[in-house]
1. Is it the case that some residue within segment 54-64 is polar (S, T, N, Q) and under 15 Å from LEU10 (Cβ atoms)?
2. Which residue pairs have Cβ atoms closer than 7 Å, lie 6 or more positions apart in sequence or on different chains, and pair a first residue in segment 25-49 that is farther than 12 Å from VAL77 by Cα with a second residue that is of a type in the set (Phe, Trp, Tyr) and open to solvent by 20 Å² or more (accessible area, probe 1.4 Å)?
3. Would you point out which residue out of LEU32, LEU4 is within 20 Å of LEU86 (Cβ to Cβ) and at pLDDT below 95?
4. Among the residues of segment 67-93, count how many are over 13 Å from the mean Cα position of the chain (by Cα) and either closer than 12 Å to LEU18 by Cα or of a type in the set (A, V, I, L, M, F, W, C) (or both).
5. Tell me which residues, restricted to segment 24-36, are in contact with a helix residue (DSSP H, G or I) (Cβ under 8 Å, 6 or more places away or on another chain) and not acidic (Asp, Glu).
6. Among the residues of segment 64-86, write down those that are aliphatic (A, V, I, L, M) and more than 28 Å from ASP45 (Cβ to Cβ).
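The values are calculated or read from the model by the stated rules, or taken from the named source; none is laboratory data. From a predicted model like this one, the values you see are computed outputs, not experimental measurements. Because the Cβ atoms are built from the backbone with ideal geometry, glycine has one as well, and the counts that use them run over all protein chains shown. All accessible areas refer to the heavy atoms of the entire protein, side chains included, with ligands and DNA or RNA removed. Shrake-Rupley method; radii C 1.70, N 1.55, O 1.52, S 1.80 Å.
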Amino acid sequence: MEDLIQKSDLIQKLDAVLRSHFPGAKPELEPLPPLPKVTGLVSWDGFEGQDQVDRQHNVWNVIREAIPAEEQRWISVILTVTPGELAYMREQN
């Protein structure tokens, strides 16, 4: 139970960090069972024209600045997409 509460706190913290550093971003974060990790995506218009490497560098630079190292280890993959890319992905499913 404590693990779930800590993941919930991390999700809230990560969501706030991403929204504040990427104005208009729409993070979708969730626990990654059975691992004690958090995963998800961040959809943001500002990713338009950036390749995945640059998007990932931008997101992880913000995470490294704002989230303590001991909590960063609980963050798994964060997919970086534009709203158009996200809509396309959802249409394909």
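1. Within segment 54-64, none of the residues are polar (S, T, N, Q) and under 15 Å from LEU10 (Cβ atoms).
2. The qualifying pairs are ALA25/TRP44; PRO36/TRP74.
3. LEU32
4. 4
5. Scanning segment 24-36 gives GLY24, ALA25, LYS26, PRO27, LEU29, PRO31, PRO36.
6. ALA69
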